[in-house]
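The values are calculated or read from the model by the stated rules, or taken from the named source; none is laboratory data. On a predicted model such as this, the values are computed, not experimentally measured, just so you know. Please note: Cβ atoms are built from the backbone with ideal geometry, for glycine as well, and neighbour counts cover all protein chains shown.
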Number of protein chains: 4
Amino acid sequence: MNPFLESLESEIALKWKDLLKKSELSTLVMSGEFDIRLYGLYLLETYQYTLHNSRNQALVGAKLDPLADIQYLKFCLKHAYEEAGHELMALHDLKALGSVTIPTPIPQPMPATEVLIAYLYRISETGNLKARLGYSLWAEDAYVHIAPLLGAVQKKLSLKPSQMTFLGEHSNIDADHIKDVRDMIKRVAKTDDDRDAIRRVSLTSLELTGSMLDNMASEYRLLENGKSLKYEFLNTLL
Amino acid sequence: MNPFLESLESEIALKWKDLLKKSELSTLVMSGEFDIRLYGLYLLETYQYTLHNSRNQALVGAKLDPLADIQYLKFCLKHAYEEAGHELMALHDLKALGSVTIPTPIPQPMPATEVLIAYLYRISETGNLKARLGYSLWAEDAYVHIAPLLGAVQKKLSLKPSQMTFLGEHSNIDADHIKDVRDMIKRVAKTDDDRDAIRRVSLTSLELTGSMLDNMASEYRLLENGKSLKYEFLNTLL
Amino acid sequence: MNPFLESLESEIALKWKDLLKKSELSTLVMSGEFDIRLYGLYLLETYQYTLHNSRNQALVGAKLDPLADIQYLKFCLKHAYEEAGHELMALHDLKALGSVTIPTPIPQPMPATEVLIAYLYRISETGNLKARLGYSLWAEDAYVHIAPLLGAVQKKLSLKPSQMTFLGEHSNIDADHIKDVRDMIKRVAKTDDDRDAIRRVSLTSLELTGSMLDNMASEYRLLENGKSLKYEFLNTLL
Amino acid sequence: MNPFLESLESEIALKWKDLLKKSELSTLVMSGEFDIRLYGLYLLETYQYTLHNSRNQALVGAKLDPLADIQYLKFCLKHAYEEAGHELMALHDLKALGSVTIPTPIPQPMPATEVLIAYLYRISETGNLKARLGYSLWAEDAYVHIAPLLGAVQKKLSLKPSQMTFLGEHSNIDADHIKDVRDMIKRVAKTDDDRDAIRRVSLTSLELTGSMLDNMASEYRLLENGKSLKYEFLNTLL
């Protein structure tokens with residue numbers, strides 16, 4: 001382990017803890033006072049941002065300087081390839097929940113999801129392009145942090161594996177990916193600027209993900225209270 | 001007045017009220033327990049995002065469809081031109097506060113400022129490009145909402161006009177610009193998609209601005225407690 | 001006059017001479033064996049690339065480094081603004097030629113026109129962004145070089161001023177613009193890299209414009225021989 | 001075989017024939033009056049544009065619409081990955097030619113190479129994004145067309161396989177890639193607009209490649225006549 005990575009991963013773990021403690025979604029899930037529509041909202045937003053992950057990862061490759069480390073270029077393109085289409089698993093899981101007609105076109109992402117997407121595109125084409133590794137570092141290893149939450153959801157809703165393919169698949173491929181990400185950070189994070197950029201993107205993108213989770217909770221409250229036109233198509237799941 | 005604009009401007013006013021009520025910066029300012037370094041942080045972040053406003057406004061013009069309304073293209077380019085260099089007023093004001101050595105390069109924007117910047121670039125080059133009008137709609141008219149806050153700061157710190165050129169200038173040019181913005185929205189917001197996009201960007205960018213203001217307050221707390229390396233150069237202002 | 005500018009403008013003048021000497025369009029026009037459809041093709045392609053000039057000029061502004069010369073930023077945005085909509089004059093002139101129904105959507109640009117457009121976008125967002133000044137340097141001063149050609153066309157076709165607003169307007173505003181461009185080059189072309197980039201873009205964009213003129217001639221030959229489906233709508237002008 | 005593909009590949013074959021007939025490079029090679037510096041120039045420019053092929057192929061993936069065919073997204077990212085770093089083989093071959101010190105930074109691409117690069121980026125991020133398949137269609141199958149030329153060069157210069165790794169490798173992987181490209185065109189070229197876009201990019205990019213080959217020949221003439229400062233570092237190969 002290298003000191004930068006060790007220190008950053010500690011910071012990430014702390015931030016996860018802090019974030020889940022303050023999280024509206026966490027509170028909602030732990031209270032047990034939710035139904036399947038909450039998981040529906042989660043899958044919908046997961047579809048929304050996952051769809052862009054392969055694209056913004058590819059963008060890093062497209063924008064890399066001609067003299068950039070060729071192994072980093074290959075890493076970006078390989079990961080972009082491997083992530084392509086994963087969003088369809090989230091959509092599949094949503095359809096597997098029961099009788100639901102997803103509107104065409106699919107509703108716009110929630111504001112906090114749009115902000116996360118915008119941020120990831122920005123850091124994938126501007127400034128120090130090693131920075132996106134900071135996002136991968138926690139995103140490929142998120143499962144352990146959200147496992148308790150997911151466990152509670154799964155139990156409460158009696159979800160079957162066929163309704164959780166997105167999460168299942170990702171917890172499996174994470175083990176490989178996170179190793180690649182750590183190795184690549186060790187390889188390319190050479191200067192203070194590199195390390196600052198990676199750290200900044202890591203913590204900011206995690207913060208924005210926390211906001212996205214909260215946005216799901218607040219939209220669920222609206223839906224529960226009959227005040228959400230946008231997501232009322234989920235009511236047929238009840 | 002047209003109904004869409006009227007309704008959106010009411011929503012914006014409500015959101016401002018709500019945002020300032022919950023705002024850490026507001027609380028800090030109204031408590032009177034702050035010093036000139038807080039205004040320094042405000043000017044620094046204002047420099048950071050303002051610098052991009054001219055650029056992302058120009059980007060809308062660069063990305064507009066060949067068949068886009070020529071008056072909207074001209075609007076984008078004219079406003080981009082008129083905003084160019086305004087960030088230098090914020091920097092000027094910072095220097096006018098007293099003895100301060102701004103580091104070279106200028107410190108990175110705060111995370112919440114980076115997120116706002118990222119969001120504005122994203123909506124300026126993707127999707128419905130009329131949407132950025134939603135940002136201009138409140139940004140060109142922000143003065144009235146933050147006037148009480150600014151008044152409190154000015155009074156407490158006994159700021160002179162030469163230390164407030166950014167705010168002074170903007171409150172003057174706002175009157176013209178906001179009229180242009182309203183006229184352009186009336187002209188181009190024709191479909192539900194146009195109106196949704198404008199509304200979404202309006203409310204989301206205002207929300208992100210609120211987070212930026214809060215980030216200033218939290219950085220001030222760190223600085224006050226001697227825990228901010230990044231901004232300790234502002235201590236010479238005391 | 002500064003030596004770099006003087007030398008580059010000599011090179012441009014030589015290249016114009018060389019280019020017109022070898023030009024198929026030149027040969028065609030000077031032979032007198034053409035009709036109004038050739039001017040129609042010229043106006044159509046002029047519409048196509050001019051439409052992008054305002055946009056790629058704005059793009060330079062949008063992409064300029066935060067620390068870029070503020071006067072250069074303002075120059076880019078002002079010129080982008082002033083060029084916006086000029087393409088409509090070319091379209092107006094085409095309609096003023098007589099009875100012609102322009103297809104909807106307007107036909108794709110000719111290959112050589114697409115290449116010129118692609119090149120101008122590329123150099124407006126990548127590499128040394130002062131380089132686009134090299135294009136403006138000859139483009140704002142093109143009238144003197146193509147005047148003999150235009151004179152021959154005008155005479156042969158008995159064109160009225162109302163059918164030549166694009167060219168008329170441009171020869172008028174050129175006088176101002178070219179001075180701005182020269183002043184800006186003097187101001188910002190400081191390093192060898194700056195001068196190389198400006199020179200390279202100047203000569204390459206002029207070469208591509210020569211190819212575009214030749215493409216007009218070759219398409220005219222096809223049309224004349226009844227082999228152009230794409231432009232046969234111009235036959236009603238005869 | 002499908003009719004569109006069959007017809008386009010015939011057009012491409014004809015264009016290759018026509019292009020090589022008129023080509024200055026072809027004339028030069030067939031005359032036998034060239035030396036190793038010509039192959040050096042070829043490798044240098046091959047390095048230059050190949051370096052961008054992986055990047056602009058990835059860009060297509062990054063820019064694809066959320067609802068785009070997932071198989072096309074995967075194709076783009078897989079091919080981008082497989083092309084990454086191939087430019088280094090061209091550089092390797094150049095170094096293997098003998099005693100040569102490549103300047104740092106590597107000289108700018110020739111104008112015609114820059115134009116090709118610019119065009120490929122433009123069509124990879126704008127308009128119908130299936131269009132880049134038109135470039136792959138001939139580029140992955142170029143070997144057969146340039147084989148006679150290459151044979152003449154190899155014979156005249158007594159090149160060893162270790163000095164031709166770029167060409168060797170590509171003739172091997174082409175067989176697989178071209179099949180993928182044809183399959184993908186069959187899959188995604190559904191509308192007239194798709195087919196027009198693919199065809200246009202195919203023929204225009206081939207034309208620009210022809211210009212690049214000619215530019216190599218003209219630079220060789222300058223070098224031969226002692227008039228090329230830029231490439232005189234190749235003289236040590238003699």
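Given the options A:T236, A:T204, name the one that is touching a Ser or Thr at 6+ places or on another chain (Cβ under 7 Å), modelled with pLDDT of 95 or more and among the β-branched types (V, I, T).
The unique qualifying residue is A:T236.
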Quiz item: Can you name every residue in the stretch D:82-124 that is among the charged types (D, E, K, R) and either touching a strand residue (DSSP E or B) at 6+ places or on another chain (Cβ under 8 Å) or closer than 25 Å to D:E24 by Cβ (or both)?
Solution: D:E87, D:D93, D:E114
Practice problem: Examine the stretch C:96-105 for a residue that is within 18 Å of the chain's Cα centre (by Cα) and not charged (D, E, K, R), and state whether such a residue exists. | Solution: no
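Being out of contact with any helix residue (DSSP H, G or I) (no Cβ under 6 Å at 6 or more places or on another chain) and surrounded by 13 or more Cβ atoms within 10 Å (Cβ to Cβ) narrows it down to one of C:K190, C:K156, so name that one.
C:K156
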Quiz prompt | Matching residues in the stretch D:46-74 - criterion: being surrounded by fewer than 23 Cβ atoms within 10 Å (Cβ to Cβ), of a type in the set (D, E, K, R) and either part of a helix (DSSP H, G or I) or within 8 Å of chain A (Cβ to nearest Cβ) (or both) | solution = D:K63, D:K74
Quiz item: Picking from B:A131, B:A152, which residue would you name as being in contact with a Lys or Arg (Cβ under 8 Å, 6 or more places away or on another chain) and of a type in the set (G, A, S)?
Solution: B:A131
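Does A:K190 satisfy being charged (D, E, K, R), out of contact with any Ser or Thr (no Cβ under 8 Å at 6 or more places or on another chain) and more than 27 Å from A:M110 (Cα to Cα)?
Numbers: charged (D, E, K, R): yes; out of contact with any Ser or Thr (no Cβ under 8 Å at 6 or more places or on another chain): yes; more than 27 Å from A:M110 (Cα to Cα): yes.
Yes, satisfied.
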Practice problem: Confirm whether B:R182 is within 14 Å of chain A (Cβ to nearest Cβ) and surrounded by 15 or more Cβ atoms within 10 Å (Cβ to Cβ). | Solution: no
Quiz item: Residue check, A:K95 against (1) of a type in the set (K, R); (2) over 14 Å from A:Y47 (Cα atoms); (3) away from every other protein chain (no Cβ under 11 Å), all met but one. Which one?
Solution: (2)
Quiz item: Out of all the residues in the stretch B:100-109, is one or more in contact with a helix residue (DSSP H, G or I) (Cβ under 6 Å, 6 or more places away or on another chain), among the aliphatic types (A, V, I, L, M), under 30 Å from A:N56 (Cβ atoms) and touching a residue at least 40 places away in the same chain (Cβ under 8 Å)?
Solution: no
Practice problem: Sort through A:S218, A:S211, A:S202, A:S171 and tell me the only one that's among the polar types (S, T, N, Q), in contact (Cβ under 8 Å) with a residue 60 or more places away in the chain and under 30 Å from A:D69 (Cα atoms). | Solution: A:S202
Practice problem: Could you check, for the stretch C:76-85, whether at least one of its residues is in a loop (DSSP other than H, G, I, E, B) and either of a type outside the set (K, R) or touching a helix residue (DSSP H, G or I) at 6+ places or on another chain (Cβ under 8 Å) (or both)? | Solution: yes
Quiz item: Among C:A131, C:A139, which is within 17 Å of C:F166 (Cα to Cα), more than 9 Å from every other protein chain (Cβ to nearest Cβ) and of a type outside the set (S, T, Y)?
Solution: C:A139
Quiz item: Inside the stretch A:111-133, can you point out the residues that are crowded, with 21+ Cβ neighbours inside 10 Å and either in contact with an Asp or Glu (Cβ under 6 Å, 6 or more places away or on another chain) or on the phi > 0 side of the Ramachandran plot (or both)?
Solution: A:T113, A:K130
